[in-house]
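Colleague: What follows is a single structure, and I will ask about it in a moment.
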Amino acid sequence: MRQLFGTDGMRGVAGEYPLDLPTTFAVGVALAKWVKNRHASPEIVIGMDTRESGVSIAESVAGGLESQGVAARFAGLITTPGIAHVTRTGPFAAGIMISASHNPYHDNGIKIIDHSGFKLPDEQEDAIERDIFAFLQSGAPYSPKRLAVDEGLDREYIEHLAATLPGGLNGMRIVADAAHGAASFLAPALFERLGAVVD
């Protein structure tokens, strides 16, 4: 029976188990081991929503990835569909979304996405969970890795969305209220890219 992964990844109160530093680092270690068995030179993309704890969790997971020789690129603030698209179309073995959707602000979560753009099947989450517990029981050291946002990842996703409206939005004036959510940057940037004036 799984203890960490639910129907939509791992969730909990940020800073507390299982979203504490050792466990989120162990997520990176376990994911790195999984992707290295499938890819010669794997790279992982990480994105997050607007929760204050997002950066620290992302950097902790990235530290675990780096400890196993797996590189991470940071998309920064992006939606879950955005990270799924970037994972599927980019050179990434997997993607990670740091988000707890509609849960309270003090919560957060980690969702792992396969290169296909879909979340991992249960059996693969089971294997990763076993490796997380193995790392935690080993007493191995852990430390986060500083991340800088790769803005090109956002831009690529905006271009993908813009292509779905070839006629553009020229002449329109749009009020965008993303409610401090993951689309807070992407929505205005997309509408402006399509020619609208955004308030």
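The values are calculated or read from the model by the stated rules, or taken from the named source; none is laboratory data. In this text the structure is predicted, and so the values were computed from the model without any measurement. Cβ placement follows ideal geometry from the backbone for every residue including glycine, while neighbour counts extend to all protein chains displayed. Surface areas here come from the heavy atoms of the whole protein model, side chains and all, with no ligands, DNA or RNA. Shrake-Rupley method; radii C 1.70, N 1.55, O 1.52, S 1.80 Å.
Colleague: Provide a single number: the residues in the stretch 98-129 that are in contact (Cβ under 8 Å) with a residue 12 or more places away in the chain and farther than 18 Å from A26 by Cβ.
Modeller: 15
Colleague: All but one of (1) assigned to a strand (DSSP E or B); (2) surrounded by fewer than 17 Cβ atoms within 10 Å (Cβ to Cβ); (3) not hydroxyl-bearing (S, T, Y) hold for I44, so report the exception by its number.
Modeller: Status for I44: all satisfied but (2).
Colleague: Counting just the residues of the stretch 73-83 that are in contact with a strand residue (DSSP E or B) (Cβ under 9 Å, 6 or more places away or on another chain) and open to solvent by 20 Å² or more (accessible area, probe 1.4 Å), which one comes out nearest to E159 (Cα to Cα)?
Modeller: Checking each candidate, the answer is T79.
Colleague: Can you tell me which residue within the stretch 111-135, out of those that are small (G, A, S) and not in a helix (DSSP H, G or I), is surrounded by the fewest Cβ atoms within 10 Å (Cβ to Cβ)?
Modeller: S116
Colleague: Of the numbered conditions (1) farther than 18 Å from I132 by Cβ; (2) part of a loop (DSSP other than H, G, I, E, B), H85 satisfies every one except a single condition; which is it?
Modeller: All conditions pass for H85, except number (2).
Colleague: I'd like the full set of residues that are buried (at least 24 other Cβ atoms within 10 Å of the Cβ) and outside any loop (DSSP other than H, G, I, E, B), limited to the stretch 95-108.
Modeller: Matches in the stretch 95-108: G95, I96, M97, I98, N108.
Colleague: Could you list, in sequence order, the residues of the stretch 144-177 that are free of Cβ contacts under 8 Å to residues at least 60 places away in the same chain and open to solvent by less than 40 Å² (accessible area, probe 1.4 Å)?
Modeller: Result: G152, I158, A162, G168, L169, I174, A176.
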